[in-house]
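The values are calculated or read from the model by the stated rules, or taken from the named source; none is laboratory data. A quick note: this is a predicted structure, and the numbers were derived from the prediction, not measured. Virtual Cβ from ideal backbone geometry, glycine too; neighbours counted across all protein chains shown.
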């Protein structure tokens, strides 16, 4: 039991180190200002969602654009003040089964490797039956660093990501965006 508690405490410390990087970038105005999901907007709208949850939303540009088009949603981010929900992606304080679409654009690679499956499970928990997803994932180190540390702790090939996502949903396309449907 003590080993498990120690491992959990170490993981929380590592998460906090990562979070501080983004708080530092946000304070400099260099975090979350790009809408990486704009290329997926037309597809997401074709799915006719009533409610969208965007994980790692940055300054929430994607959700704001959806709202302008009459679609409700929430953006989740742990370090950007413009997010609707300030929370880590692995522990979202929302009821399950609320989203028709879940998105994450250039955010999953920012997770610690230990959190990838937790976050995908959290997305699946929030998904309504038949919910769609649209993700973009960078598979190379970040060009931006904080104190010399890379911002992409989980740099993996696209196939690795497709395999992980395949545990919670069916990936239908693997172009610029990984899109599909969550398992029931």
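With the structure loaded, tell me whether residue 44 is assigned to a helix (DSSP H, G or I), more than 18 Å from residue 138 (Cα to Cα), in contact (Cβ under 8 Å) with a residue 12 or more places away in the chain and touching a strand residue (DSSP E or B) at 6+ places or on another chain (Cβ under 8 Å) or whether it fails that test. The answer is yes for residue 44.
Can you tell me which of 170, 176 is within 29 Å of residue 97 (Cβ to Cβ), exposed (fewer than 13 other Cβ atoms within 10 Å of the Cβ) and touching a helix residue (DSSP H, G or I) at 6+ places or on another chain (Cβ under 7 Å)?
Details: 170 fails: touching a helix residue (DSSP H, G or I) at 6+ places or on another chain (Cβ under 7 Å).
Criteria check complete, one pass: 176.
Quick check, is residue 106 surrounded by 14 or more Cβ atoms within 10 Å (Cβ to Cβ), touching a residue at least 40 places away in the same chain (Cβ under 8 Å) and on the phi > 0 side of the Ramachandran plot?
yes
Under 17 Å from the mean Cα position of the chain (by Cα), free of Cβ contacts under 8 Å to residues at least 24 places away in the same chain and closer than 24 Å to residue 184 by Cβ, is that true of residue 76? Please lay out each step first, then the result.
Values: under 17 Å from the mean Cα position of the chain (by Cα): yes; free of Cβ contacts under 8 Å to residues at least 24 places away in the same chain: yes; closer than 24 Å to residue 184 by Cβ: yes.
For residue 76, the condition - under 17 Å from the mean Cα position of the chain (by Cα), free of Cβ contacts under 8 Å to residues at least 24 places away in the same chain and closer than 24 Å to residue 184 by Cβ - is met.
Number of residues in region 123-138 that are in a helix (DSSP H, G or I), within 19 Å of residue 179 (Cβ to Cβ) and either without any contact (Cβ under 8 Å) to a residue 40 or more places away in the chain or over 10 Å from the mean Cα position of the chain (by Cα) (or both): the value is 2. None of 82, 67, 14 is modelled with pLDDT of 90 or more and within 20 Å of residue 132 (Cα to Cα) except 67.
Residues 119, 53, 92: which one is in contact (Cβ under 8 Å) with a residue 12 or more places away in the chain, part of a helix (DSSP H, G or I) and buried (at least 16 other Cβ atoms within 10 Å of the Cβ)?
Working: 53 fails: part of a helix (DSSP H, G or I); 92 fails: part of a helix (DSSP H, G or I).
That would be 119, the only listed residue that is in contact (Cβ under 8 Å) with a residue 12 or more places away in the chain, part of a helix (DSSP H, G or I) and buried (at least 16 other Cβ atoms within 10 Å of the Cβ).
The residues on offer are 183, 124, and the sole one that is more than 23 Å from residue 38 (Cβ to Cβ), at pLDDT 95 or above, in contact with a strand residue (DSSP E or B) (Cβ under 9 Å, 6 or more places away or on another chain) and crowded, with 16+ Cβ neighbours inside 10 Å is 124. When restricted to residues that are out of contact with any helix residue (DSSP H, G or I) (no Cβ under 8 Å at 6 or more places or on another chain), assigned to a loop (DSSP other than H, G, I, E, B) and crowded, with 21+ Cβ neighbours inside 10 Å, region 56-89 contains 3. For beta carbons closer than 8 Å, sequence separation of 6+ or different chains, a first residue in region 139-152 that is assigned to a loop (DSSP other than H, G, I, E, B) and a second that is at pLDDT 90 or above and surrounded by fewer than 11 Cβ atoms within 10 Å (Cβ to Cβ), the qualifying pairs are 139/157; 152/140.
Can we say residue 164 is more than 21 Å from residue 42 (Cβ to Cβ) and outside any loop (DSSP other than H, G, I, E, B)? Against the criterion (more than 21 Å from residue 42 (Cβ to Cβ) and outside any loop (DSSP other than H, G, I, E, B)), residue 164 qualifies.
Scanning region 127-157 for residues that are closer than 28 Å to residue 45 by Cα and surrounded by 12 or more Cβ atoms within 10 Å (Cβ to Cβ) turns up 127, 128, 131, 132, 133, 134, 135, 136, 137, 138, 139.
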